[in-house]
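Notes for the one structure printed next.
The values are calculated or read from the model by the stated rules, or taken from the named source; none is laboratory data. A quick note: this is a predicted structure, and the numbers were derived from the prediction, not measured. Here the Cβ positions follow ideal geometry from the backbone for every residue, glycine too, while neighbour counts run over all protein chains shown. With ligands, DNA and RNA removed, areas are computed over all heavy atoms of the protein, side chains included. Shrake-Rupley method; radii C 1.70, N 1.55, O 1.52, S 1.80 Å.
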Amino acid sequence: MTNRQDPETLFAAEVAARLPEIGLRNECGEDTPFLITLHVACSPLVGTLPTVMIEQQARFQGQGYHTDFPSASRWIVLRQEEPIGRIMVDWTVEGVSHCVDLALLPAEQGAGMGTRLLQSWIAVSDQLGRSAYLQVLSNHGAQGAYGRLGFVAIGNSDQPSITMVRPVGG
């Protein structure tokens, strides 16, 4: 039987338990400059493309997310009230949850925070009886970390991005 509890409330509680040193707040329009900065900071194209082009990509990505995932939960990750990242999860499709985006500033990477955010999302997905999925760039090193969390790549690995799925309880 599927649990009908609010996934946003459950996720916030999971994050608070796993990451007491950070906070979450809902994303708002005033976060656009930070989200552009975050996108640039995390882009593999820095040094290849002019920053202004990467900033434009961030704007296009943001518009695409709002068009493609209008009801997704969007959170800004905070440390001492300062934004350090973002996580976006779409809970609207019955039986699945989709982590649309997870990004942390480079200074916050490598200490397990991203993994614990993903574990929080996975725990809620499991609690709600939903499989979890995400997309990752084909050449991104995070595929191994996702595999350790129970995700399996599906589809053609020759594509620019790969869909990875984790079954309930996976």
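Hey, what did the chain get for relative contact order, percent, Cα under 8 Å, at least 6 apart?
Computed over the chain, the figure is 21 percent.
Write down, largest first, the equivalent ellipsoid semi-axes of the stretch 35-95 in whole Å, where each equals the square root of 5 times an eigenvalue of the alpha-carbon gyration tensor. Can you show the working numbers first?
Values: eigenvalues 112, 56, 15 Å².
Over the Cα atoms of the stretch 35-95, the ellipsoid semi-axes are 24, 17, 9 Å.
To the nearest 20 Debye, how big is the dipole of the chain about its Cα centre, given +1 on the beta carbon of each Lys and Arg and -1 on that of each Asp and Glu?
360
Counting heavy atoms of the protein chains only and a 1.4 Å probe, report the per residue accessible area for the stretch 38-143 as a whole number of Å².
About 48 Å² of surface per residue is accessible.
Could you tell me the center-to-center distance, by alpha carbons, between the stretch 74-109 and the stretch 38-56 in angstrom?
After rounding, the separation between the Cα centres reads 19 Å.
Want the number for residue 63 to residue 149: 0.36 nm per residue separation, take away the alpha-carbon distance, what's left? Write out the running numbers ahead of the final one.
On the way: separation 86, 0.36 × 86 = 30.96 nm, distance 2.98 nm.
Full extension from residue 63 to residue 149 adds 28.0 nm.
Given 0.36 nm per residue, what is the gain on full extension from residue 8 to residue 119 after removing their alpha carbon distance, in nm?
Length difference between fully extended and current span is 38.5 nm.
Taking every Cα atom in the stretch 57-170, find the radius of gyration and the maximum pairwise distance Dmax, and write them in Å.
14.0, 42
Per the 1.4 Å probe, what fraction of the accessible area of the chain, in percent, lies on carbon and sulfur atoms?
Carbon and sulfur together cover 53 percent of it.
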